[in-house]
Amino acid sequence: MRADGRDPIREAARLLTERRNAVALTGAGISVESGIPSFRGAQGLWAKYDPMEYATLHSFMQHPRKVWEMLSEMVSVCGGATPNAAHKGLASLEEKGVVRSVITQNVDGLHQAAGSRRVIEYHGNLDELICVYCWRRFQTRDRWTPGDVPLCDCGEILKPNVVLFGEPIPWLPQEQAEEEARTCGVLVVIGTSAQVSPACDIPRIAKESGAAVVEINPEDTSLSGNVTDIHLRGSASEVLQRLLQTIFT
Ligand code: APR
């Protein structure tokens with residue numbers, strides 16, 4: 001219950017149903033309950049692999065086999081993961097016309113697996129590999145085996161079609177995401193520390209365009225207390241299930 005005595009879940013539910021024009025922005029936190037570690041925090045992937053050594057485009061070009069040590073872990077963990085109640089809750093809100101799209105920073109494909117149809121993959125997806133030398137593309141499952149590095153027909157080591165640090169966001173998802181942020185009535189920000197640009201600019205764009213910003217995160221972030229209008233503290237699956245119950249019962 002907020003200091004002013006109002007129930008934030010009810011308030012968020014009211015906004016979502018009145019405006020029926022919500023967009024979700026998701027980060028690694030929504031997939032934690034599917035067994036995929038987030039990036040930051042004590043158990044995060046970056047606690048094990050320094051991102052400046054293992055997750056930049058420059059490091060991939062210089063030491064692709066080293067970068068594949070980290071990538072192999074991501075491909076293995078994501079490959080074995082299934083959507084959790086939060087992914088399914090978002091898909092249900094889309095089906096019921098409350099949420100119109102999901103902008104995700106995640107590369108695990110779990111929103112589509114849960115049934116979400118309008119998904120903007122802001123940082124790409126691990127299920128495709130590209131050759132940075134001859135531009136051929138392959139399905140990861142056809143070219144990657146655990147413990148090995150995937151090779152292109154031209155002989156070079158392939159790269160997952162995900163955005164590494166130092167890489168630009170592909171123009172289409174960036175344009176789509178900004179358009180969604182500018183025209184939505186509510187932006188629901190789920191499971192992101194909002195530390196990485198330009199994804200972290202999306203909530204501000206939405207806010208400046210008149211949207212209400214609802215944040216679902218057990219912790220405070222750089223958005224909390226300034227961009228965020230309603231902070232629903234808790235895990236993504238628990239909060240989304242409560243939101244669905246409040247909206248549809
Ligand atoms: N439900 C909701 N939120 C959660 C949960 C949960 N069960 N568990 C953790 N969180 C929150 C954390 O409090 C944190 O704020 O999820 C957030 C995860 O933050 P990060 O690990 O920084 O992940 P993210 O914000 O998605 O990172 C953005 O950085 O490393 C790059 O490209 C990578 O897409 C990634 C980007």
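The values are calculated or read from the model by the stated rules, or taken from the named source; none is laboratory data. As the structure is a prediction and not an experimental result, all values here were calculated from the model. Here the Cβ is made from the backbone with ideal geometry for all residues, glycine too, and neighbour counts use every protein chain on show. Areas reflect the complete protein model, heavy atoms only, side chains present, ligands, DNA and RNA absent. Shrake-Rupley method; radii C 1.70, N 1.55, O 1.52, S 1.80 Å.
Here the condition is being out of contact with any Cys (no Cβ under 8 Å at 6 or more places or on another chain) and within 12 Å of the ligand (Cβ to nearest atom); of Cys184, Cys200, it holds for Cys200 alone. Does at least one position in the range 169-179 carry a residue that is among the small types (Gly, Ala, Ser) and either within 12 Å of the ligand (Cβ to nearest atom) or not in a helix (DSSP H, G or I) (or both)? No; the residues of the range 169-179 include none that is among the small types (Gly, Ala, Ser) and either within 12 Å of the ligand (Cβ to nearest atom) or not in a helix (DSSP H, G or I) (or both). Taking the range 93-146 as the range and being farther than 18 Å from Leu25 by Cβ, assigned to a helix (DSSP H, G or I) and open to solvent by 30 Å² or more (accessible area, probe 1.4 Å) as the test, the residues that pass are Glu95, Ala113, Arg141, Asp142, Arg143. Within the range 18-38, one or more residues are open to solvent by less than 30 Å² (accessible area, probe 1.4 Å) and farther than 24 Å from Cys184 by Cβ.
Conditions tested, residue by residue: (1) touching a Pro at 6+ places or on another chain (Cβ under 7 Å); (2) in contact (Cβ under 8 Å) with a residue 12 or more places away in the chain.
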position: Arg6; (1), (2): no, no
position: Ile9; (1), (2): no, yes
position: Gly35; (1), (2): no, yes
position: Gln43; (1), (2): yes, no
position: Ala47; (1), (2): no, no
position: His63; (1), (2): no, no
position: Met70; (1), (2): no, yes
position: Glu73; (1), (2): no, yes
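Give the range 187-203 a look and list any residue that's open to solvent by 10 Å² or more (accessible area, probe 1.4 Å) and assigned to a helix (DSSP H, G or I), or say none. Residues satisfying the conditions are Cys200, Asp201.
Where the second residue is part of a strand (DSSP E or B) and open to solvent by 50 Å² or more (accessible area, probe 1.4 Å) and the first is of a type in the set (S, T, N, Q) and lies in the range 147-162, which pairs have Cβ atoms under 6 Å and are six or more apart or on separate chains? Correct list of pairs: empty, since none qualify. Considering the conditions (1) open to solvent by 20 Å² or more (accessible area, probe 1.4 Å); (2) closer than 24 Å to Leu129 by Cα; (3) within 15 Å of the ligand (Cβ to nearest atom), Ala42 is excluded by exactly one of them, (2).
To keep it simple, each residue is scored yes or no on (1) within 16 Å of the ligand (Cβ to nearest atom); (2) touching a Phe, Trp or Tyr at 6+ places or on another chain (Cβ under 8 Å); (3) in a loop (DSSP other than H, G, I, E, B).
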position	(1), (2), (3)
Ala206	no, no, no
Gly210	no, no, yes
Glu215	yes, no, no
Ser222	yes, no, yes
Gly225	yes, no, yes
Thr228	yes, no, yes
Glu238	yes, no, no
Gln245	no, no, no
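Among the residues of the range 12-33, those that are part of a helix (DSSP H, G or I), among the charged types (D, E, K, R) and more than 23 Å from Ser193 (Cα to Cα) comprise Arg14, Glu18, Arg19.
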